Each structure stands twice: as structure tokens, then as C-alpha cells.
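S.K.: Next up is a structure, given as C-alpha cells.
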There are 2 protein chains.
Amino acid sequence: MTPDLPEPPYYAVIFTSQRKAVQDGYADTAERMVALAAAQHGYLGAESTRGADGLGITVSYWRTPEDIARWRRDTEHQAARDTGRARWYERYTLRVARVERAYAWERSDGTQDPQT
Amino acid sequence: MTPDLPEPPYYAVIFTSQRKAVQDGYADTAERMVALAAAQHGYLGAESTRGADGLGITVSYWRTPEDIARWRRDTEHQAARDTGRARWYERYTLRVARVERAYAWERSDGTQDPQT
């Protein structure tokens with residue numbers, strides 16, 4: 001049984017970042033932002049990972065572009081982004097994309113391609 | 001100076017996967033698929049990372065949905081996906097999304113929000 005997925009269309013914010021070696025305060029702020037985002041209107045979920053080389057990808061999912069814009073205006077979120085640029089990141093790219101199709105597979109589904 | 005970004009709209013394939021502990025052949029196939037994808041028509045780039053917990057996110061970027069469909073039909077790519085389900089993955093989710101906006105920032109740009 002595959003995990004529940006929201007029905008497209010919905011929106012993805014793809015945030016790719018290269019961290020600096022400096023860590024001070026990052027983990028606490030990141031954890032706080034995850035909790036704060038999850039409480040926002042239109043939030044559908046997020047997936048995040050970072051490799052040993054400091055390259056991270058976080059994708060958050062939202063019902064509408066207006067939900068993304070509202071979260072972007074959140075003052076605590078704005079302050080965290082400012083700190084990120086001042087302290088934690090070497091570079092990042094942010095993309096807003098409209099999810100048009102989604103498929104999930106898990107082992108108990110068998111080995112067939114879920115898209116066929 | 002921020003890295004070059006293609007002008008939206010273009011398309012993103014967001015592939016989130018949970019790996020099993022078993023590694024046999026995975027790295028070689030993954031490397032081969034990266035090289036093969038890069039040679040496809042309409043390929044714009046990709047970003048990939050995996051954390052110590054086995055959760056990975058790969059986002060590849062394409063000019064059109066037709067380019068994505070063509071890459072999906074590639075027989076060597078199909079065989080690699082079959083092997084992935086048989087051997088390497090516990091679960092995965094794949095989303096196709098239309099990139100509508102994109103921003104990049106790097107340290108030498110200064111600390112201002114690149115979206116303002």
C-alpha cells in the first residue's frame with residue numbers, strides 16, 4: 001500500500017542549499033522552521049535531506065501559491081532566512097513549481113512500475 | 001554572481017527514495033543513469049543528495065514534459081528502474097512539476113533576500 005498523496009495540482013518549493021562548515025544555531029532554527037511551517041495554512045508536507053558534503057535539498061508542498069506567499073511573509077521565517085544568508089549558507093536555489101502528477105511505490109506493492 | 005538558471009517555465013522531476021541497506025551495484029547504476037540522463041534531449045541539470053538515514057532526494061530538470069516522457073521510455077533507464085524496485089528501494093515517490101519561478105543566491109551577492 002502506497003502512502004497517501006494529495007491529489008494534484010498542488011505546489012512544491014524546491015530549496016537546494018550548500019551549507020558552510022559553521023553550525024551555530026542552525027539545527028535549532030531548522031527544527032523550529034519545520035514545526036512552524038507545518039502549522040501554516042495550506043501546508044501539505046515536506047521532505048528534507050543533506051549529504052555529508054553539505055548539499056541539502058528540502059521540498060515542501062503547499063495547496064496554493066497564496067499559501068507559499070503567506071509563509072514567505074511570516075516574520076519569524078523572514079528572520080530565519082536572513083540569518084541563513086548571514087551565517088549558514090554558501091549558496092542556495094529556490095524554485096516554485098506546480099505539481100501535475102505524482103506516483104508512490106513501496107515494496108509491499110510488488111516490483112511493477114507504478115506508472116504503468 | 002548567482003549561477004545561471006534556465007528561464008521558467010521548465011519541468012522538474014522530484015524523486016524521493018528510501019534506500020535499503022543493500023548496496024550491490026547501486027553506485028555504478030546511479031552513476032551511469034546520471035551520465036545517460038545528461039545526454040538526453042531537453043535535459044537541463046540535476047541535483048541529488050542522500051542522508052545517512054538512507055533518505056535521498058534527486059531533482060532533475062527538463063525543458064518539456066515530452067523530454068521527460070522520452071527519458072522514461074529509454075530501455076536502459078527502464079531496466080535500471082526495474083532493478084531499483086527489485087533490489088535497492090524500500091519506497092519512493094515521484095512527482096512531475098512545472099517550475100514557474102526560480103531564484104538563486106550565493107554569498108558574494110551579499111545578504112539581501114534575492115526575491116525582493
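S.K.: Note the distances from A:Thr116 to each other copy's matching label point, with points 7 Å along the Cα-to-beta-carbon direction, in nm, sorted shortest first.
M.R.: Those separations, rounded to one decimal, come out as 5.2 nm.
S.K.: Kyte-Doolittle cut-off -1.0, length cut-off 15 Å along the helix's own axis using Cα: show which whole DSSP H helices in chain B pass. Can you show the working numbers first?
M.R.: On the way: long enough: B:26-38 (18 Å, 0.42).
Qualifying helices: B:26-38.
S.K.: Per Stokes-Einstein, at 20 °C and 1.002 mPa s, what whole-number D in µm² s⁻¹ belongs to chain A, with the Kirkwood radius over Cα pairs as the hydrodynamic radius?
M.R.: 136
S.K.: With a 1.4 Å probe and every protein chain kept in, tell me what percent of the accessible surface of the protein assembly as shown is carbon plus sulfur. Can you show the working numbers first?
M.R.: Values: 6070 of 11940 Å².
Whole-percent figure for carbon plus sulfur exposure: 51.
S.K.: Additional query: What is the projected area of the convex hull of the Cα atoms of the protein assembly as shown, averaged over all directions, in nm²?
M.R.: Numbers: hull surface 50.7 nm².
With the hull built on Cα positions only, its mean projection is 12.7 nm².
S.K.: Rounding to the nearest 20 debye, state how big the charge dipole of segment B:5-86 is about its Cα centre with +1 on each Lys and Arg Cβ and -1 on each Asp and Glu Cβ.
M.R.: Details: 10 positive and 11 negative charges, 43 e Å.
Using Cβ point charges on Lys, Arg, Asp and Glu, segment B:5-86 gives about 200 debye.
S.K.: Among B:Tyr10, B:Gly110, B:Leu55, whose Cα projects farthest towards the positive end of the dipole of chain B, with charges put on the beta-carbon of Lys, Arg (+1) and Asp, Glu (-1)?
M.R.: Of the candidates, B:Leu55 comes out farthest on the positive side.
S.K.: Assume the label is 7 Å from Cα along Cα to beta carbon: what separations in nm does B:Ala39 have to the matching positions in the other copies?
M.R.: Counterpart label points of B:Ala39 in the remaining copies fall at 5.2 nm.
S.K.: Heavy atoms of the protein only, probe of 1.4 Å, neighbouring chains included. What is the accessible area of B:Ser60 in Å², nearest 10?
M.R.: Near enough 20 Å² of accessible area.
S.K.: Do you know which residues of segment B:70-89 lose at least 50 square angstrom of accessible area in the protein assembly compared with their chain on its own, with a 1.4 angstrom probe?
M.R.: The answer is B:Arg72, B:Arg85 - residues whose exposure falls by at least 50 Å² when every protein chain is included.
S.K.: Further question: What does the buried accessible surface come to for A and B, summed over both chains, with the probe at 1.4 Å? Round to 100 Å².
M.R.: Working: alone 8070 and 8090 Å², together 11940 Å².
By this definition, chains A and B bury close to 4200 Å².
S.K.: Using a 1.4 Å probe, what is the accessible area per residue for segment A:10-103, in Å²?
M.R.: Working: 4470 Å² over 94 residues.
Each residue of segment A:10-103 exposes 48 Å² on average to a 1.4 Å probe.
S.K.: Something else now. Roughly how many Å² of B:Glu66 are accessible to a 1.4 Å probe, to the nearest 10?
M.R.: Roll a 1.4 Å probe over it and B:Glu66 shows about 110 Å².
S.K.: For B:Arg87, place a label point 7 Å out from Cα along the Cα→Cβ vector, do the same in each other copy, and report the separations in nm, one decimal, smallest first.
M.R.: 4.5
The values are calculated or read from the model by the stated rules, or taken from the named source; none is laboratory data. Predicted, not measured: the structure shown is a model, and the values here were computed from it. All Cβ positions, even for glycine, are placed from backbone atoms using ideal geometry, and neighbour counts span all protein chains on display. Ligands, DNA and RNA are stripped out before the accessible areas are found, and what is left, the full protein with its side chains, is counted by its heavy atoms. Shrake-Rupley method; radii C 1.70, N 1.55, O 1.52, S 1.80 Å.
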